[in-house]
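Student: Input: one structure, supplied below.
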């Protein structure tokens, strides 16, 4: 695992925003995960047995918790979180770890044993795994537009596309172009 982080580079650069990308992606992934919680009846169990609040208020608390968890994901995995090939497994692993931490360990400690059983307990597992999957898959696509230049300005869409995408650094008002080796004059030999 350490080798994978070394291959990607672990520390984010000065223009990367993993916390912001994690919060935005956590919010996007929270919508289907909350729908899974509702579908399995887990949201009702949380609302009635744990929070003693209406389901809508409980759903907002769950979404806020998923947003904070997305920020933790961005801070924990840093640059590796933006991997398009391995992001799904990072996300599902993080979702599984959150499932272990929240409904299996933390909620019973706070409320007592038996917070959820049966379909509600399965709903917790499925929601956290699905949230992690969506988080890991979407993180690279949400993270890319949030990158900035060293000046702190966001990169525009036109600078990320087209022929100058690989060389979109600027020096003042002059754009850097790819340096090409000098061409040989016809008829002259190098020897």
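What follows is calculated from the coordinates using simple rules that are stated; it is not laboratory data. Please read all numbers here as calculations on a predicted model, not as lab measurements. We place every Cβ from the backbone using ideal geometry, glycine too, and count neighbours over all the protein chains shown.
Student: What list do you get for 134, 68, 63 if you sort them by fewest beta carbons within 10 Å?
Tutor: If I rank by nearby Cβ atoms, fewest first, I get 68, 63, 134.
Student: Then there is this: For the ranges 41-53, 73-85, 98-110, what's the packing order if you count other beta-carbon atoms within 10 Å of each residue, average per peptide, and put the highest first? Let's see the in-between values first.
Tutor: Values: 41-53: 17.1, 73-85: 19.2, 98-110: 14.8.
In descending order of packing, they fall as 73-85, 41-53, 98-110.
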